[in-house]
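Below are the structure tokens for one structure; questions will follow.
FYI, it's all coordinate maths here, none of it is from the lab. Quick caveat, the model's predicted, so the values are computed rather than measured. Note that we place each Cβ from the backbone using ideal geometry, even for glycine, and neighbour counts take in every protein chain shown.
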Amino acid sequence: MLLIRLLLIPFALIYGVVITVRNLLFDWGILPSEEFSIPVISLGNLSSGGAGKTPHVEYLVRLLKDRYSIAVLSRGYRRKTKGFLVAGKDSTSLEIGDEPLQMYRKFPDITVAVHEKRRKGIHILQKKHPEINLIILDDAFQHRYVKPGLNLLLTGYYNPFFRNFLLPVGNLREAKFRARRADALIVTKTPRVFSPLDRRYFLKKLEPYCLKKTFFSGLSYGKLQPLTPDTPANAPRGIKTIFLLTGIARSDSLEEYLKTKCEEVFIHKYTDHHRFTQSNLKKLKKQFDRTVSRSKVVITTEKDAMRLIQPGLLETLGDIPVYYLPVSVVFHEEDKQKFDRMIHEFLKKFS
């Protein structure tokens, strides 16, 4: 692995030069960044995934949806369509992407839209939905044609950007010092027991990046929800065996959580945004049927569930009980108050 990384260093240097030139063109105003008359909040990260952006978008929606007419705009990663689309009751993950579909199903009273060009997407939203007075951009830190009013950068507790490297050696999409472009940083997926020593360590490591504000959040897992009509509404008590089916960037914290809830976990892990196939599910069913256990279930994530509910796919599992595990963001108490206040103070400027 080390040898492969060493061989990839020249490619990382070339990639770094290209990205640096692009950023400089924006910094110097040669490439335009457009500001908008309504508040725009962007969430993104320096890495290529796994920081928990979607749960943080959902946190903002819950915080603000009763006071603002919100639109969430995403590029709809790995969708099979192009251009501008608004999520509706008949939308699928193939049309709009798994994360926008998840967002729409959770919050049907807000507007969820996709466009690969965020600036153009905002203009279309303003024209077609003039009632919208707040736009949240999902995964838009690198989309510099839009200059958001508030730029939030996320980084994972277990894989912070300051320990990472540029693609393809690591998974950084741009240089570490570009974190300075953010108005605030959120260190995500922190453990429940988060000591003052941990906090001081991160704050010390982040000092060189001159970040204005830093917050710390973790994940809270909810009650298992049935994914198929034949699955009982309530998961059995005392589950002994869990079969985890997932295609997300980083499943470490989920795996650790599930290991505390049963005696054994069998992991079927695929790449981020993986399109599950009947072959994948047949492999899972074969292991499920062969495993002797008093109580066994299949568990997947909310995001994965959006890609599993395709016609003819889940039928492959037969009558196997399949649940998805909801997840939400929980800020540490002192951070929650400060973060919420920062959001409200930003929005007051547009009142």
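Quick one: 3J(HN,Hα) in Hz for the stretch 56-63, Karplus 6.51/-1.76/1.60 with θ = phi - 60°, rounded, Gly and Pro as x.
6, 4, 4, 4, 5, 4, 4, 5
Separate question: Nearest-5 percent of antiparallel DSSP beta bridges in the stretch 223-325?
So the antiparallel bridges in the stretch 223-325 amount to around 10 percent.
A further question follows. For PRO229, what charge total do you get from the other residues with a beta carbon under 12 Å from its beta carbon, if Lys and Arg give +1 and Asp and Glu give -1?
Net charge around PRO229: -3.
Please check: in the Gaussian network model of the chain (C-alpha springs, under 10 Å), which one of GLY222, GLY88, GLY49 has the largest mean-square fluctuation.
GLY222
Running a GNM on the chain with Cα contacts under 10 Å, which residue among THR246, THR260, THR300 ends up with the highest mean-square fluctuation?
The residue that fluctuates most here is THR260.
Now for a different question. Can you list residues whose amide H is under 5 Å from ILE299's amide H, if they're 5+ apart or on another chain and H is modeled 1.01 Å from N?
Those qualifying (amide H under 5 Å, at least 5 residues apart or on another chain) are PHE243, LEU244, LEU245, TYR323.
By the scheme Lys and Arg +1, Asp and Glu -1, what is the net charge of all other residues having a beta-carbon under 12 Å from that of TYR145?
Overall, the nearby charge balance is +4.
How would you rank PHE331, PHE11, PHE339, going from fewest to most other Cβ atoms within 10 Å of each one's own Cβ?
PHE11, PHE331, PHE339
Quick one: SER220, SER293, fewest Cβ neighbours within 10 Å first, how do they rank?
SER220, SER293
Per-residue HN-Hα couplings for the stretch 92-100, Karplus 6.51 cos²θ - 1.76 cosθ + 1.60 at θ = phi - 60°, whole Hz, x for Gly and Pro?
With the stated coefficients, the stretch 92-100 comes to 10, 5, 5, 7, 10, x, 6, 5, x Hz.
At 7 Å along the Cα-to-beta-carbon direction for both LEU7 and THR20, put a label point, then send me their distance in nm to one decimal.
About 2.6 nm separates the two model spin labels.
Now for a separate question. Among LEU13, LEU206, LEU197, which one moves the most in a GNM of the chain with springs linking Cα atoms closer than 10 Å?
LEU197
Over the stretch 223-325, what number does the Rg to Rh ratio reach, with both radii from the alpha-carbon atoms and Rh per Kirkwood?
Computed over Cα atoms, the ratio is 0.91.
Out of every Cα-Cα pair in the stretch 193-269, what percent are more than 16 Å apart?
Taking all Cα-Cα pairs of the stretch 193-269, the fraction more than 16 Å apart is 67 percent.
Pull up the cross-link candidates among the lysines for LYS117, meaning alpha carbon to alpha carbon under 17 Å and not fewer than 8 places away within one chain.
LYS80, LYS82, LYS127, LYS128, LYS147
Something else now. Between GLU116 and GLN310, what's the calculated FRET efficiency when r is the beta-carbon distance and R0 is 30 Å? Round to 0.05.
0.85
Only loop residues by DSSP count here, and only those with at most 10 other Cβ atoms within 10 Å; note down the chymotrypsin sites (Phe, Trp or Tyr not before Pro) in the stretch 59-159 that meet that.
When the chymotrypsin sites (Phe, Trp or Tyr not before Pro) of the stretch 59-159 are filtered for loop state and at most 10 Cβ neighbours within 10 Å, nothing remains.
Using a 10 Å cut-off around each Cβ, can you sort ASP319, ASP138 from fewest to most neighbouring Cβ atoms?
Placing the least packed residue first, the sequence is ASP319, ASP138.
Considering only the other residues whose Cβ falls under 15 Å of the Cβ of LEU24, what net charge follows from Lys and Arg at +1 and Asp and Glu at -1?
That sum, taken over residues with Cβ under 15 Å, equals +3.
Out of all Cα-Cα pairs in the stretch 92-209, roughly what percent, to the nearest whole number, are more than 23 Å apart?
46
Another question about this same structure. Let me see the P(r) profile for the stretch 143-200: every Cα-Cα distance counted, bins of 5 Å, each bin given as a percent of all pairs.
4, 15, 23, 24, 17, 12, 5, 1
Separate question: Could you point to the residue in GLN287, GLY238, ILE267 farthest towards the positive end of the stretch 223-325's charge dipole, with +1 and -1 charges on the Cβ of Lys/Arg and Asp/Glu respectively?
Of GLN287, GLY238, ILE267, it is GLN287.
As a test of the formula, what do you get for the chain when each DSSP H run with n ≥ 4 contributes -39,500 (n - 2.57) and the sum is divided by the residue count, at 222 nm and rounded to the nearest 500 deg cm²/dmol?
Computed ellipticity for the chain at 222 nm equals -10500 deg cm²/dmol.
Anything over 25 Å Cα to Cα? Flag those among LYS106/LYS296; LYS189/LYS261; LYS240/LYS282; LYS106/LYS282; LYS53/LYS89, in the order listed.
LYS106/LYS296; LYS106/LYS282
Tell me, what is the FRET efficiency for LYS283 and TRP28 to the nearest 0.05, using R0 = 35 angstrom and their Cβ-Cβ distance as r?
0.10
Determine the distance separating the Cα centre of the stretch 266-297 from the Cα centre of the stretch 67-143; give it in Å without decimals.
With the stretch 266-297 and the stretch 67-143 each reduced to a Cα centre, they are spaced 31 Å.
Continuing with this model, one more query. Can you give me the P(r) profile for the chain? Cα pairs, bins 10 angstrom wide beginning at 0, each as a whole percent.
5, 23, 32, 26, 12, 2, 0
Right, here's the next one. Given H placed 1.01 Å from N in the peptide plane, which residues other than close sequence neighbours of LEU85 have an amide H under 5 Å from its amide H?
Residues meeting the amide H criterion: VAL114.
Continuing with this model, one more query. As an exercise, use a Förster radius of 41 Å and the Cβ-Cβ distance of ALA175 and ASN133 to find the FRET efficiency, rounded to the nearest 0.05.
Working from the Cβ atoms, E equals 0.75.
With loop defined by DSSP as not H, G, I, E or B, and exposure as at most 11 other Cβ atoms within 10 Å, which is the longest segment of the chain clear of exposed GluC sites (Glu not before Pro)?
132-351
Going through the stretch 166-222, which trypsin sites (Lys or Arg not before Pro) have at most 13 other Cβ atoms within 10 Å and a DSSP loop state?
The qualifying sites are ARG192, LYS212.
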